[in-house]
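The values are calculated or read from the model by the stated rules, or taken from the named source; none is laboratory data. Because the structure is predicted, anything quoted here is derived from the model rather than measured. Counting neighbours? That spans all protein chains shown, and the Cβs are built from the backbone with ideal geometry, glycine included. These accessible areas exclude ligands, DNA and RNA; they are computed on the full protein's heavy atoms, side chains included. Shrake-Rupley method; radii C 1.70, N 1.55, O 1.52, S 1.80 Å.
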Amino acid sequence: MVIVGCQWGDEGKGKIVDVLAEDVDVVARYQGGANAGHTVHVGDEEFILHQIPSGILHPEKRCLLGNGVVLDLLQFFEEYDALRDRAIDLEGRVGVSHRAHLLLPYHRELDRAWEEGSAEKIGTTGRGIGPAYEEKAGRRGIRVADAVDAERFERLVTEGAERARDRIEQLGGTVGEGFDRALDESLALRGRILELAVDVGLEVEGALDDGRRILLEGAQGTALDLDHGTYPFVTSSNTTAAAAATGIGVGPTRIDSVLGIVKAYTTRVGNGPLPTGFDPEMDERMRELGGEFGATTGRPRRCGWFDAVLSRYAARVNGLTGVAVTKLDVLDTLPEISVCTGYRTPRGLVEEFPADTHGLEDVEPVLETHPGWESPTTEARSLDDLPVNARRYLDRLQELTRAPIEMVSVGTRRSQIIHVR
Ligand code: IMP
């Protein structure tokens, strides 16, 4: 099964993966890097994971990072060691693809220099994602497999750093303090990363042949996909479900189902249009209600009503077989709740998600308003436990999205989940 975000990321994929991980053997990430941030609550503990799949919090599950990921060496081992320090047994549980590209300290520096130097800022997470994927596509990247030969590895990293230094200077920036130290630290991790390196595609294929169950976990969301999102305000990888096959190294015919994650309302962090965005007062209110601050950067997320134009688009481009709705409980106190069914533009009504990102800045959402339920949903464990207006709201989201709702999350804890099917 593929798990994919259907909005601009932050849909609560981490929680859903954490719940589903119970019933699978392997969880594998297929794209992105340390720009992702999954917050998972287990008991009273909070874990924020950037690269290692949240399946790691279930004993004995194997967690893999596929070739489609850009692996931030320093951040990865920081996260790995922090989990180990919190008594999570990691022995034999983490594997990284030999083919994954390494994200090195200079990619972060380049990311910042590009952002600072450009007139139209993307609002990246500053984690070096764009530069790392650029080098991959430009065939100058360094893969995990390149770490095998120590001398060659050092040469590649040094050349990469020099290239980056020149570029940063051309962009009018300078490399930060501690740059050389960070490079040395990265080089020193060569042996550790090789210990974890495996052929992820081969391992997943073998596990499938043995009848084991695999979750392929996407990061970010459909509207941040490099091809299908609100370009250029997107991330630098394909986040959508088809990328799971490429990013893991299995054929698309091995995928049985695609679960799309939608939040019961919409949020966006970073720049670019948010057609259903609230006015400042309501924006502030939802941000407080939903705790909508970036898990990676702490930035406030912009909030808006549920956008069914986007969710229908996500259902189509991902081939969703089901949907999980998250954070329904965040709407519990609202007297009225709206859903966007179309965009009004100077050229008429639009019901399909448009390619023209700049045009999207000016659309007016067509809103359909529903009465709220104004009572807590956090204890609901079946649809029947929900207030009737909450059920009607979910029915409407399902109808507009054109994919069946399979799960509804009503709180941050593992137990706060409704399994519909
Ligand atoms: P980048 O992926 O850091 O290059 O950032 C590009 C865009 O994607 C920016 O708008 C970021 O805010 C957004 N973005 C990247 N990762 C995430 C995520 O995990 N959640 C939400 N937005 C993200």
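Over the Cα atoms of the range 261-419, compute the convex hull volume and normalise it per residue, giving Å³.
Numbers: hull volume 18.7 nm³, N = 159.
Cα-based convex hull of the range 261-419, divided per residue, equals 118 Å³.
With every atom except the alpha carbons ignored, what do you get for Rg and Dmax of the range 88-128, in angstroms?
Cα radius of gyration and Dmax of the range 88-128 are 15.5, 47 Å respectively.
What is the angle, in °, between the Cα long axis of helix 150-170 and the longest principal axis of the Cα atoms in the chain? Nearest 10 is fine, range 0 to 90.
60
Mind listing which GluC sites (Glu not before Pro) in the range 142-197 are in a DSSP loop and have 15 or fewer other Cβ atoms within 10 Å?
Values: sites: 151, 154, 159, 162, 169, 177, 185, 195; in loops: 177.
Listed in order of number, the matching sites are 177.
When the helices in the chain are scored as -39500 (n - 2.57) per DSSP H run of 4 or longer and the sum is shared across all residues, what 222 nm value do you end up with, to the nearest 500 deg cm²/dmol? Don't skip to the end; give the middle numbers.
Working: 13 runs with 139 residues, N = 421.
Helix contribution divided over all residues of the chain: -10000 deg cm²/dmol.
Quick one: with all protein chains in place, what share of the accessible area of the chain is carbon or sulfur, to the nearest percent (1.4 Å probe)? Don't jump to the answer; show the numbers that get you there.
Details: 8310 of 17650 Å².
Of all accessible area on the chain, carbon and sulfur atoms account for 47 percent.
Which angle from 0 to 90°, rounded to the nearest 10, does the C-alpha axis of helix 280-290 make with the longest principal axis of the chain?
Roughly 70 degrees, rounded to the nearest 10.
For the range 102-192, what is the convex hull (Cα atoms) projected area averaged across all directions, in square nanometres?
Mean orientational projected area (the range 102-192, Cα hull): 5.9 nm².
Could you work out the relative contact order of the chain? I mean the mean sequence separation of Cα pairs under 8 Å and 6+ apart, divided by the number of residues, in percent.
Numbers: 938 pairs, mean separation 82.7, N = 421.
Relative contact order for the chain comes out at 20 percent.
Hey, got the dipole for the chain? About the Cα centre, +1 on K and R Cβ, -1 on D and E Cβ, debye to the nearest 20? Walk me through the numbers before you get to the answer.
On the way: 48 positive and 70 negative charges, 136 e Å.
The calculated dipole for the chain is roughly 660 debye.
Counting only heavy atoms of the protein chains, get the accessible area per residue of the range 261-419 (1.4 Å probe) and round it to a whole Å² value.
Values: 6800 Å² over 159 residues.
Here the residues of the range 261-419 average 43 Å² of exposed surface.
Rounded to the nearest 20 debye, what is the charge dipole size of the range 102-192 about its Cα centre when +1 sits on each Lys and Arg Cβ and -1 on each Asp and Glu Cβ?
Rounded to the nearest 20 debye, it is 360 debye.
So, in the chain, how many Lys pairs have Cα atoms under 13 Å apart, if the pair is 8 or more places apart or on different chains? Write out the running numbers ahead of the final one.
Details: 13/263; 13/327; 15/263; 15/327; 263/327.
Count of close lysine pairs: 5.
Against the longest principal axis of the chain, how steep is helix 179-188, in degrees 0 to 90 to the nearest 10, with axes from Cα atoms?
80
Across every pair of different alpha-carbon atoms, what Kirkwood hydrodynamic radius in Å does the chain reach? Please report the intermediate quantities before stating the final value.
Details: mean 1/r = 0.0456 Å⁻¹.
With all distinct Cα pairs of the chain included, I get 21.9 Å.
How much accessible surface area, in Å² rounded to 10, belongs to the heavy atoms of residue 61 with a 1.4 Å probe?
Accessible area of residue 61: about 30 Å².
With springs only between Cα atoms under 10 Å apart, run a GNM on the chain and tell me which of 291, 32, 270 wobbles the most.
Residue with maximal mean-square fluctuation among 291, 32, 270: 291.
Mind checking the dipole of the range 5-101: about its Cα centre, +1 per Lys or Arg Cβ, -1 per Asp or Glu Cβ, Debye to the nearest 20?
Details: 9 positive and 17 negative charges, 91 e Å.
About 440 debye.
In Å², what does the accessible area per residue of the range 102-192 work out to with a 1.4 Å probe? Spell out each step's value before the answer.
Numbers: 4860 Å² over 91 residues.
Accessible area per residue, the range 102-192: 53 Å².
So what is the orientation-averaged projected area of the range 1-160, using the convex hull of its C-alpha atoms, in nm²?
On the way: hull surface 42.6 nm².
Here the figure is 10.7 nm², rounded to one decimal.
Using only Cα atoms, locate the centre of the range 1-79 and the centre of the range 339-394, then give the distance between them in Å, rounded to an integer.
Centre-to-centre (Cα) distance: 28 Å.
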